[in-house]
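This report concerns only the one structure given below.
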Amino acid sequence: MTKPRLVLGIESSCDETAVAIVGEDRRILAHQVLSQREHLAYGGVVPEVAARAHLQHMDHLVEDSLREANVTLDDLSAIAVTAGPGLIGGVLVGVMTAKAIAQVRGLPLIAVNHLEGHALTVRLTDDNVSFPYLLLLVSGGHCQLLVAKDIGEYTRLGTTIDDAVGEAFDKTAKLLGLGWPGGPAIEKLAAECPDIKAARAKYPLPRPMMGKAGCDFSFSGLKTAVRRVIDEFPAGDIPRAEAAALCASFQETVADILRDRVKNAVDEYMRLDPAAPSLVVAGGVAANKRLRAVLEGMAGERGLRFIAPPLKLCTDNAAMIAWAGMERFVRGMVDAPDFAVRARWPLDPAAGIVAAKSQKV
Ligand code: KG4
Ligand code: ZN
């Protein structure tokens, strides 16, 4: 039997420096992720610091990946790399590394859209996910509902008009002094709340866009409301039990908003009459167990199969980039070696930019 083809993937669009090797048989042979700790002191990612850290770590992560997979560069069939969207200095580090390896070894090169990496992860971890599927993409920079129709073919149904959902988690966590990234910290503290119903009654939070037509989102009102609650405490010093209740209320409110918006998207998606209707959730926020449970329940009610990547493949990693590269490589979709990096790169270029301030496409 011929050996499965292997793709080495590189990810460096934000604060994870990552390299992975994935086979066309869906095996992840190497999975190296280095979450940069350099940003902790700043409470957010500093682009220049990120780029320098990628530069410092990239080469040895490539070596570690080859060692982990027990292969050499000669065993690879192609190199895939995140070419955007993201922090451009960091993206450049990954892309220059990928181009150098490809050039020296004469290997095909695939420029991967980071968002497509998230979008296709479930096809790596599950061999039975067919197009079209409804995709909720929720990360630190994005909150979008799309129909994934094929590789490179997405129709956006809705997006956030202000903050991304991960951003809302991060900002709320910062207000509560929980450190960064905020999502996992909020999920952990919310679990300490003994009575979610009582927490919501005590700390009701707004649910912008709820009940409105369409599939757009808004989250910026949430952090303002959280700030008001914290300001009620002397010197903003909120006791742990109260912070836990506030986190629980916040998480449930986000769940309500997502459920409501995804419901509308399901109606639009079902008009396509998909053979195997599925709701896929992807991106860092998809690691949240409560949100997964709520979305799974809703999908079940509507007769959709619910699919989410395993937790470690929700947040940024290079296995998803290697896999997106593999999907393209096996279809002959390779890129010229002089491809450009892209700070912005929407999955659905026809969808345009939505009204408000911080939409990161
Ligand atoms: O996909 P990702 O790793 O990076 C981007 O492409 O943005 O997503 C990171 C985001 C951060 O905002 C982080 O707080 C959030 O995902 N996140 C979570 C959880 N784990 C990560 N949000 C809620 N609950 C979690 N368990
Ligand atoms: Zn991401």
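Taking the conditions exactly as written (assigned to a strand (DSSP E or B), within 13 Å of ligand 1 (Cβ to nearest atom), within 25 Å of the chain's Cα centre (by Cα) and under 24 Å from Gly141 (Cα atoms)), does Val281 satisfy them or not?
Here the answer is yes, as Val281 does meet what is asked.
Being within 21 Å of Pro337 (Cβ to Cβ) and either in contact (Cβ under 8 Å) with a residue 40 or more places away in the chain or hydrophobic (A, V, I, L, M, F, W, C) (or both) narrows it down to one of Leu29, Leu73, Leu61, Leu87, so name that one. Steps first, please.
Details: Leu29 fails: within 21 Å of Pro337 (Cβ to Cβ); Leu61 fails: within 21 Å of Pro337 (Cβ to Cβ); Leu87 fails: within 21 Å of Pro337 (Cβ to Cβ).
Step by step, each of Leu29, Leu73, Leu61, Leu87 is checked, and only Leu73 is within 21 Å of Pro337 (Cβ to Cβ) and either in contact (Cβ under 8 Å) with a residue 40 or more places away in the chain or hydrophobic (A, V, I, L, M, F, W, C) (or both).
Quick grid of which residues meet (1) open to solvent by 10 Å² or more (accessible area, probe 1.4 Å); (2) outside any loop (DSSP other than H, G, I, E, B); (3) within 16 Å of ligand 1 (Cβ to nearest atom):
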site	(1), (2), (3)
Val112	no, yes, yes
Glu116	no, yes, yes
Ala119	no, yes, yes
Val122	no, yes, yes
Asp127	yes, no, no
Phe131	yes, no, no
Leu136	no, yes, yes
Gly140	yes, no, yes
Gln144	no, yes, yes
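Among the listed residues Pro208, Pro184, which satisfies the condition of being over 24 Å from Asn113 (Cα atoms) and either under 17 Å from the mean Cα position of the chain (by Cα) or polar (S, T, N, Q) (or both)?
Going through Pro208, Pro184 in turn, just one is over 24 Å from Asn113 (Cα atoms) and either under 17 Å from the mean Cα position of the chain (by Cα) or polar (S, T, N, Q) (or both): Pro184.
Among the residues of the stretch 300-326, which ones are surrounded by fewer than 22 Cβ atoms within 10 Å (Cβ to Cβ) and either within 12 Å of Thr121 (Cβ to Cβ) or touching a residue at least 24 places away in the same chain (Cβ under 8 Å) (or both)? If you could, list the steps in order and put the result at the bottom.
Narrowing the stretch 300-326 to residues surrounded by fewer than 22 Cβ atoms within 10 Å (Cβ to Cβ): 300-303, 305-307, 310-312.
If the condition is that a residue be surrounded by fewer than 22 Cβ atoms within 10 Å (Cβ to Cβ) and either within 12 Å of Thr121 (Cβ to Cβ) or touching a residue at least 24 places away in the same chain (Cβ under 8 Å) (or both), then Arg302, Gly303, Arg305, Phe306, Ile307, Pro310, Leu311, Lys312 are the ones that fit.
Criterion first (crowded, with 22+ Cβ neighbours inside 10 Å and β-branched (Val, Ile, Thr)) does Val91 satisfy it?
yes
Suppose we filter Leu272, Leu246 for residues that are crowded, with 21+ Cβ neighbours inside 10 Å, among the aliphatic types (A, V, I, L, M), at pLDDT 95 or above and more than 11 Å from ligand 1 (Cβ to nearest atom); which single one remains? Show your work before the answer.
Working: Leu272 fails: crowded, with 21+ Cβ neighbours inside 10 Å.
Every option except Leu246 fails the conditions.
Could you grab the pairs with beta carbons closer than 6 Å, sequence gap of 6+ or different chains, first residue in the stretch 277-291 and within 15 Å of Leu120 (Cβ to Cβ) and within 11 Å of ligand 2 (Cβ to nearest atom), second one among the hydroxyl-bearing types (Ser, Thr, Tyr) and in a loop (DSSP other than H, G, I, E, B)?
These pairs meet every condition: Gly283/Ser139.
Give the stretch 32-57 a look and list any residue that's open to solvent by less than 50 Å² (accessible area, probe 1.4 Å), without any contact (Cβ under 8 Å) to a residue 40 or more places away in the chain and under 18 Å from Leu311 (Cα atoms), or say none.
Listed by number, the list holds a single entry, Leu34.
The values are calculated or read from the model by the stated rules, or taken from the named source; none is laboratory data. What you see is a predicted model; the values in this text were computed from it and never measured. Counting neighbours? That spans all protein chains shown, and the Cβs are built from the backbone with ideal geometry, glycine included. SASA here: full protein model, heavy atoms, side chains in, ligands and nucleic acids out. Shrake-Rupley method; radii C 1.70, N 1.55, O 1.52, S 1.80 Å.
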